[in-house]
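K.L.:
Before we start, here is the structure in question, set down as structure tokens.
The values are calculated or read from the model by the stated rules, or taken from the named source; none is laboratory data. Worth saying up front: this structure is predicted, and the values here are computed from it rather than measured. Neighbour counts run over all protein chains shown; Cβ positions are idealised from the backbone, glycine included. Keep in mind that these areas ignore ligands, DNA and RNA; they rest on the heavy atoms of the full protein, side chains included. Shrake-Rupley method; radii C 1.70, N 1.55, O 1.52, S 1.80 Å.
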Amino acid sequence: MATLERKKISSVSPLPELSMAERLKVVRQARGLTQQQMADLLNVARPTVAQLEGGRHQPSNEVLETIVTELNVSRDWLWFNSGPMEDGGAPGGNVILLGKFADAEYIDCPFIPVPVRAGFVELVASEGDYGQFEMMRIYKPSPELRKAGTLVFEIDGDSMEPQLRAGMLVAVTPIPFEDIKYTVSGVYVATFGHQLTVKRIKDNDLLTKRQLVLHSDNPKAGMLTVAGEDIRGLWKVVDIIRGRVE
């Protein structure tokens with residue numbers, strides 16, 4: 001692949017609150033690429049690039065990560081419109097951060113994508129720490145997310161549709177193990193045995209029947225009944241951090 005010239009966006013043209021489509025166009029133009037060159041880089045057709053920049057389609061995770069890696073673009077900026085366009089960019093170069101994120105507080109949380117779930121479950125079982133995982137930055141977190149132990153999970157499958165779809169990222173907070181038997185209704189990430197799932201709790205039967213029934217929102221997906229002694233951990237789903245528009 002030809003070497004790309006790293007062009008910069010003028011600091012006198014602030015670009016606050018850019019949509020995903022606008023960010024895709026900005027980064028292409030900042031790197032001096034035509035739509036066809038961008039299409040070749042992403043291994044898609046040129047009309048697809050035009051549709052992405054026009055907001056008619058949402059980019060896949062693979063497309064976004066290719067842009068981050070190949071064009072040296074900040075993941076926070078591309079995914080969340082947060083921070084400078086380039087990692088490590090000094091103020092005055094690239095895109096200046098204005099608007100609601102300019103002085104925003106943030107937290108950095110371990111990110112658990114689908115491919116590393118098995119390793120996460122093993123860590124829970126061994127009571128290990130999560131320092132090995134990539135960190136995900138959440139700007140302006142709600143008070144609930146400021147609790148110690150907040151994590152970000154990637155949703156997989158369709159069992160929680162329509163509210164949660166595959167590829168969405170959700171922020172979760174841990175339920176102290178001794179309090180799991182008192183957990184109220186809501187959507188949770190649960191680990192039991194060597195498994196991890198995202199399901200809804202409607203009625204907590206741990207105190208009376210020593211079991212927990214985990215329900216799917218999708219009626220085609222069914223439910224799971226987990227014995228109390230098999231439960232390893234429970235995290236409440238608090239916020240959707242990123243989701244594709246269907």
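K.L.:
Mind listing whichever residues of segment 198-221 are surrounded by 15 or more Cβ atoms within 10 Å (Cβ to Cβ) and among the aliphatic types (A, V, I, L, M)?
P.N.:
Within segment 198-221, VAL198, ILE201, LEU206, LEU212, VAL213, LEU214, ALA221 meet the criteria.
K.L.:
Based on this model, can you work out whether ASP179 counts as surrounded by fewer than 18 Cβ atoms within 10 Å (Cβ to Cβ) and within 26 Å of ARG56 (Cα to Cα)?
P.N.:
When the stated conditions are applied, ASP179 does not pass them.
K.L.:
Could you list, in sequence order, the residues of segment 187-197 that are open to solvent by 60 Å² or more (accessible area, probe 1.4 Å) and at pLDDT below 90?
P.N.:
HIS194
K.L.:
Additional query: Going residue by residue through segment 88-107, is there one that turns out to be at pLDDT 80 or above, within 16 Å of the chain's Cα centre (by Cα) and surrounded by fewer than 19 Cβ atoms within 10 Å (Cβ to Cβ)? Break it down into steps so the answer makes sense when it comes.
P.N.:
Going residue by residue through segment 88-107, those that are at pLDDT 80 or above are 107.
From what's left, within 16 Å of the chain's Cα centre (by Cα): 107.
From what is left, the residues that are surrounded by fewer than 19 Cβ atoms within 10 Å (Cβ to Cβ) are 107.
Yes, some residue in segment 88-107 is at pLDDT 80 or above, within 16 Å of the chain's Cα centre (by Cα) and surrounded by fewer than 19 Cβ atoms within 10 Å (Cβ to Cβ).
K.L.:
Is it the case that some residue within segment 192-207 is of a type in the set (Gly, Ala, Ser), touching a strand residue (DSSP E or B) at 6+ places or on another chain (Cβ under 7 Å) and closer than 24 Å to ALA118 by Cβ?
P.N.:
Taking every residue of segment 192-207 in turn, none turns out to be of a type in the set (Gly, Ala, Ser), touching a strand residue (DSSP E or B) at 6+ places or on another chain (Cβ under 7 Å) and closer than 24 Å to ALA118 by Cβ.
K.L.:
Let me ask something additional. Any idea which of VAL124, VAL184 is of a type in the set (Val, Ile, Thr), open to solvent by 80 Å² or more (accessible area, probe 1.4 Å) and either at pLDDT below 90 or in a helix (DSSP H, G or I) (or both)?
P.N.:
When all the criteria are applied, what remains is VAL184.
K.L.:
Is it the case that some residue within segment 164-185 is small (Gly, Ala, Ser) and on the phi > 0 side of the Ramachandran plot?
P.N.:
yes
K.L.:
Enumerate the pairs (first residue in segment 54-80 and farther than 17 Å from GLN37 by Cα; second residue anywhere and at pLDDT 85 or above and polar (S, T, N, Q)) with beta-carbon separation below 6 Å, excluding pairs fewer than 6 apart on the same chain, so at least 6 apart or on different chains.
P.N.:
Matching pairs, first to second residue: HIS57/GLN51.
K.L.:
Right, another one. So if I check each of GLU22, GLU65, which one is open to solvent by 50 Å² or more (accessible area, probe 1.4 Å) and either within 25 Å of GLU134 (Cβ to Cβ) or under 19 Å from the mean Cα position of the chain (by Cα) (or both)?
P.N.:
Working: GLU22 fails: either within 25 Å of GLU134 (Cβ to Cβ) or under 19 Å from the mean Cα position of the chain (by Cα) (or both).
Exactly one residue qualifies, and that residue is GLU65.
K.L.:
Now, a different point. Return the residue satisfying two criteria in turn: it lies in segment 147-176 and is in contact with a Pro (Cβ under 9 Å, 6 or more places away or on another chain) and assigned to a strand (DSSP E or B), and of such residues it is surrounded by the fewest Cβ atoms within 10 Å (Cβ to Cβ).
P.N.:
LEU151
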